[in-house]
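Okay, so here's the structure we're looking at.
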Amino acid sequence: MTEHSPDSPAQRYDAALADSIETTWQQRWKEAGTYHTPNPAGPLTDGPTNGPADLAERPKLFIMDMFPYPSGTGLHVGHPLGYISTDVYARFKRMTGFNVLHTMGYDAFGLPAEEHARATGEHPRANTEVNIANMSRQLARLGLGHDDRRSIATTDETYYRWTQWIFSQIFNAWFDESAGKARPISELESEFETGLRETHVGPPWSALDDAAKRTLINQYRLAYVSEAPVNWCPGLGTVLANEEVTADGLSDRGNFPVFRRPLKQWMMRITAYAERLLADLDLLDWTDSIKTMQRNWIGRSEGAHVDFRVPTAADDSGEVATIRVFTTRPDTLFGATYMVLAPEHPLVDNLTTSAWPEGTKPSWTDGAATPAAAVAAYRAQSSQMTDLDRQENKVKTGVFTGSYAVNPVNDASIPVFIADYVLMGYGTGAIMAVPGQDERDWEFAEVFDLDIVRTVEPPADFDGDAYTGAGRAINSGFLDGMEIDDAKRAMIDHLVEIGAGESTVTTKLRDWLFARQRYWGEPIPIVFDADGNARSIPDSELPVNLPDLIDWAPRELDEDSEPEPPLGRATDWTTVELDLGDGLRSYKRDLNTMPQWAGSCWYYMRYIDPISDDVIANPVSEKYWMGGDNPEEGGVDLYVGGVEHAVLHLLYSRFWHKVLFDLGHVSTPEPFKRLINQGYIQAYAFVDDRGIYVEASDVVEVEGQYEFEGKRVERQYGKMGKSLKNSVTPDDMYRDYGADTLRLYEMFMGPIDQDRPWETKSVVGSQRLLQRIWRNLIDEETGELTIADVAVPDDLNRMLHRTIDAVRNDMNELSFNTSIARITELNNELTKLDGPTPTVVADALVRMIAPLVPHVAEELWSRMGHVDSVVYAEFPTADPALLVDDHVEIPVQIKGKVRSRITIAADADEESTKAAALADPRIIELLDGAEIRKVIVIPGKLVNIVA
RNA sequence: GCGGACGUGGCGGAACUGGCAGACGCGCCAGGUUUAGGUCCUGGUGUCCGAAAGGGCUUGGGGGUUCGAGUCCCCCCGUCCGCACCA
């Protein structure tokens, strides 16, 4: 640790003194359990030793940080920004009468530990534990007031047991559309049993054997196995959720290519919740940008299904083939001059004719001899293309299938194409093309020489192609003359009448692909019986632990390979003897693990109660901390984390929470009431002439240029981190300044939600403030207190109370940068004072800094003679009488420009203020007898004279 | 292309419902303490004109509403983020 400079005073607040103060108090807090937060019931009802007796009876406040993955590379100063913010807020709230729950856990399953294992041979669990220990140490040194009894890791057996339990809950539930909520699967069975509900196809329930019943029931479950095109990522050896694939067709993590291929996989029926996930955003105190991102991701759109018959083709059951499309513009149906199916659409084979029909235009065939050849070639070509290729190739392509469909409103015969601009993953995978009102369809129609019929009248001056704006219907039979909304309604009514369609709602959101073919995750608590039906493992048998594997890494895989779960290699483990109600039998285990999102979907529940082993969390504590008495307003009171989780984590977590809510396990419909996205810490980075990043800390500035080892380097700017080689570690800051200075600096840099540039040279400003506060209370030579019980000068007293008022407000608004500015101003006044600092001022000052810089505040508090911790001291309250001055100085403007100032009584009325302004010598001089047209007086604020 | 956020000194930023733009800090300048440097202390610091008093200009650009606009409205310009052939 840093030594005192030999000539600096013995009791100067420098890095060495800060270090000893900080480590001392961290030890004492630990011993006293200062941050132990009492639960109202069940486990953990104890508060801190010598803490407030009434803590558990106080109003609650539940504060959370998005919990981190315990990385092996350690922290840089950007990581704890959010943690410090929540800590300051939590401490402030403790001092203003709240029982505050704040702790920290680790999202410890996941790929990096597994990759590390592959590289080093070290078991992921061992590596994970080392990383957690290191990260805990770095965070503890910051003095965060976490209740460490509640710290959890998703890899704890006592934790993932409940992650698996939730999976079982979801598996054993179905979504009742009429009730709009999930219900236990047993209720579905009894509805079938009693005949209340009919099996939708095939024989009645009573005619089914057990296996057939299970197969039927499985189709309803919220967690289900389906064979569907999935995102296969050979580079990671696993399949991925849609949300984990970028627009470029690469994996979110690692940037590996992702391929679409059909596979049997676990899915979660999140689409059933789309409406509620959308509607309940209104209950939340989140930023508009995050809400918008969620809305866009869910992508709800209202429209209609329309069925087009193809008289010349049959579907697989021998009926006349019908192409169902989704459209948001049923009003334009008269302008539908052709149709397009996605190349992967299941009807394509049925529609593809053996020969080109009469009237086929040459451009429709792509030069192929038959439709079958053209379709096969086109499908092969489009399946090779990545999403990126598709984006780059904006020219419309496609081929004719040889079939014609019938437009249900005018019986027109319209050609059916396949083209890759129609996506199988949205709507029905087929469209009616209306080139007159859709730009994409217009482009396609131009390339393939198809008819274009306008069905909405464009304005007279419109000279574009497709017209998508408002207007009256034309060329549309019974719709002619109607505005779009009326025409939509009329058309839907008509479609219903003729049995060719209905109104419907489509979402972009797809069901959540939940299985991963990796080792280091929660095993899915499912076994398969001899009939191949999935059965959940009874709660009493949980957790399902991972087998000990020597060879856990995925094998080298290529695009054509099958995903191969590593768990399949644990041959002893893959089969299990269980009694699932019909005697002891042998079952095959599910070999997949859960995605990393699973553990982070519900961790707030175990923060509330990490101990109970008979329930997921004690229900009384759950209701207390989540605010279940007022469900609509309930949820975690403050959740702080990075904006990168705007869709993935926050959508999955809300979904799980809603299922648990429907099943009665939680008391609120939403998990996180208020969400704030903290900004990132950015820093300068430097590249040499080869374009390679050099260690930023070794770059020197020479005459406005930057040099690394004597060579010119170019300065850039970006998010702090390993890849830009511009990290600054908190350990260096503890050594050079102390944790309190680091905390203060990070909070002073700017508003919580804004990115900010790190400048190590500026940290000294925050240290100076602490030094000056220290010097105002402590003699630097002797260490004696320099405060005294003297009267506070009136001016200082008023300033003190104005400061208290402002700081209280600002802290409540999480505006810590302005709080610190106000505290600085007060302290600057104290510095100017002749003589000792009045005790009342010192007392308030220490209380006010306590949330920001808890160690030095605690030290000063203790030196001032207090035995109890400052952590639960009361935050000062301003005396309203001292916030108003008897006299105020206000500006006098002439035509909006400040020309003079007058001092008037604070409660002076309009008349007397006006008189005082007009009597001011300076004003008289400047007006110079000019005619006064108007005088605006804002009492107590200003006077504006219009002359 | 669509959607969202934002633009204030050399830098980070402040300014409640329209009412003294630039709080607070970094940096810089000057002075003091010190053997010197650093630390520490005091003062100054948007910009232009002026010796000063004082005045002009100024919140990305342009227009508007208003006695008064960083703040409200319209049109541009720029930066960042999300989505992207979504029917």
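The values are calculated or read from the model by the stated rules, or taken from the named source; none is laboratory data. These figures come from a predicted structure and were not determined experimentally. With ideal geometry, Cβ positions are generated from the backbone for all residues, glycine too; neighbour counts draw on all protein chains shown. Heads up: the accessible areas ignore ligands, DNA and RNA and are worked out on the full protein's heavy atoms, side chains in. Shrake-Rupley method; radii C 1.70, N 1.55, O 1.52, S 1.80 Å.
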Practice task
Please identify the pairs in which a residue from the stretch A:918-947 that is of a type in the set (Gly, Ala, Ser) has its Cβ atom under 8 Å from the Cβ atom of a residue that is surrounded by fewer than 11 Cβ atoms within 10 Å (Cβ to Cβ), counting only partners at least 6 apart or on another chain.
Solution key: A:Ala947/A:Lys895; A:Ala947/A:Ala930; A:Ala947/A:Glu931; A:Ala947/A:Arg933
Practice task
Within the stretch A:135-168, count every residue that is among the polar types (S, T, N, Q), in contact with a Ser or Thr (Cβ under 9 Å, 6 or more places away or on another chain) and in a helix (DSSP H, G or I).
Solution key: 4
Problem - Unmet requirement for A:Thr729, which otherwise passes all of (1) among the β-branched types (Val, Ile, Thr); (2) within 16 Å of RNA strand B (Cβ to nearest atom); (3) under 32 Å from the mean Cα position of the chain (by Cα); (4) more than 30 Å from A:Tyr652 (Cα to Cα) - result: (2)
Problem - Residue in the stretch A:485-494 that is within 16 Å of RNA strand B (Cβ to nearest atom), surrounded by 16 or more Cβ atoms within 10 Å (Cβ to Cβ) and within 24 Å of A:Leu277 (Cβ to Cβ) present - result: no
Completion exercise
Flagged in the stretch A:901-918 as more than 15 Å from A:Ala947 (Cα to Cα) and either open to solvent by less than 100 Å² (accessible area, probe 1.4 Å) or more than 52 Å from the chain's Cα centre (by Cα) (or both), in numbering order, are A:Ile902, A:Thr903, A:Ile904, A:Ala905, A:Ala906, A:Ala908, A:Asp909, A:Glu911, A:Ser912, A:Thr913, A:Ala915, A:Ala916
Exercise for the section: State whether one or more residues within the stretch A:188-208 are within 30 Å of A:Gly110 (Cβ to Cβ) and out of contact with any strand residue (DSSP E or B) (no Cβ under 8 Å at 6 or more places or on another chain). Expected result: no
Practice task
Answer yes or no: is there a residue in the stretch A:612-625 that is in a loop (DSSP other than H, G, I, E, B) and closer than 23 Å to A:Trp266 by Cβ.
Solution key: yes
Completion exercise
Counted residues in the stretch A:55-96 being part of a loop (DSSP other than H, G, I, E, B), crowded, with 23+ Cβ neighbours inside 10 Å and over 22 Å from the mean Cα position of the chain (by Cα) come to 0
Handout entry: Criterion violated by A:Ala272 - all others in (1) surrounded by 14 or more Cβ atoms within 10 Å (Cβ to Cβ); (2) farther than 30 Å from A:Pro563 by Cβ; (3) of a type in the set (A, V, I, L, M, F, W, C); (4) more than 10 Å from RNA strand B (Cβ to nearest atom) satisfied
Key = (2)
Completion exercise
Condition set within 6 Å of RNA strand B (Cβ to nearest atom) and part of a helix (DSSP H, G or I), scope the stretch A:755-770, selection surrounded by the fewest Cβ atoms within 10 Å (Cβ to Cβ): answer is A:Lys761
Practice task
Output the qualifying pairs, or none if there are none: Cβ atoms under 6 angstrom, residues six or more apart or on different chains, first residue in the stretch A:20-40 and in contact (Cβ under 8 Å) with a residue 12 or more places away in the chain, second residue open to solvent by 60 Å² or more (accessible area, probe 1.4 Å) and hydrophobic (A, V, I, L, M, F, W, C).
Solution key: A:Pro40/A:Val620
Fill in the blank from the handout: Among (1) within 16 Å of RNA strand B (Cβ to nearest atom); (2) under 28 Å from A:Ala133 (Cβ atoms); (3) open to solvent by 10 Å² or more (accessible area, probe 1.4 Å); (4) assigned to a loop (DSSP other than H, G, I, E, B), A:Ala16 falls short only on (4)
Exercise for the section: Quick one: A:Trp774 ticks every box in (1) near RNA strand B (Cβ under 8 Å from one of its atoms); (2) part of a helix (DSSP H, G or I) except a single one, so which number is it? Expected result: (1)
Completion exercise
Of the residues in the stretch A:294-345, those that are without any contact (Cβ under 8 Å) to a residue 24 or more places away in the chain and either in the same structural domain as A:Ile484 (by TED's automatic domain parsing) or open to solvent by less than 50 Å² (accessible area, probe 1.4 Å) (or both) come to A:Ser317, A:Gly318, A:Glu319, A:Val320, A:Thr322
Handout entry: Candidate set from the stretch A:783-823 (those that are in contact with a strand residue (DSSP E or B) (Cβ under 9 Å, 6 or more places away or on another chain) and part of a loop (DSSP other than H, G, I, E, B)); member that is farthest from A:Asp886 (Cα to Cα)
Key = A:Glu784
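Here's the yes/no breakdown for (1) within 29 Å of the chain's Cα centre (by Cα); (2) in the same structural domain as A:Thr103 (by TED's automatic domain parsing); (3) in contact (Cβ under 8 Å) with a residue 60 or more places away in the chain:
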position: A:Arg183; (1), (2), (3): yes, no, yes
position: A:His200; (1), (2), (3): no, no, no
position: A:Asp210; (1), (2), (3): no, no, no
position: A:Asn218; (1), (2), (3): no, no, yes
position: A:Asn231; (1), (2), (3): yes, no, yes
position: A:Leu236; (1), (2), (3): yes, no, yes
position: A:Gly249; (1), (2), (3): yes, no, yes
Fill in the blank from the handout: Within the stretch A:543-579, the count of residues that are modelled with pLDDT under 90 and closer than 28 Å to A:Tyr220 by Cβ comes to 3
Completion exercise
Those strands (runs of 3 or more DSSP E) completely within the stretch A:643-714 that have 1 or more residues that are within 30 Å of A:Asp288 (Cα to Cα) and touching a residue at least 40 places away in the same chain (Cβ under 8 Å) are A:675-677, A:681-687
Practice task
Quick one: A:Pro330 ticks every box in (1) farther than 18 Å from A:Gly429 by Cα; (2) within 12 Å of RNA strand B (Cβ to nearest atom) except a single one, so which number is it?
Solution key: (1)
Exercise for the section: From the list A:Val790, A:Val853, A:Val840, A:Val870, pick out the single residue that is open to solvent by 60 Å² or more (accessible area, probe 1.4 Å), among the hydrophobic types (A, V, I, L, M, F, W, C) and within 22 Å of A:Phe92 (Cβ to Cβ). Expected result: A:Val840
Handout entry: Sole residue being surrounded by fewer than 21 Cβ atoms within 10 Å (Cβ to Cβ) and charged (D, E, K, R), chosen from A:Glu644, A:Glu622
Key = A:Glu644
Fill in the blank from the handout: Out of (1) open to solvent by 10 Å² or more (accessible area, probe 1.4 Å); (2) of a type outside the set (Val, Ile, Thr); (3) within 16 Å of RNA strand B (Cβ to nearest atom), the one A:Leu650 does not meet is (1)
Practice task
Only strands (runs of 3 or more DSSP E) wholly contained in the stretch A:838-947 count here; list those with 1 or more residues that are on the phi < 0 side of the Ramachandran plot, in contact with a His (Cβ under 9 Å, 6 or more places away or on another chain) and within 13 Å of RNA strand B (Cβ to nearest atom).
Solution key: A:897-905
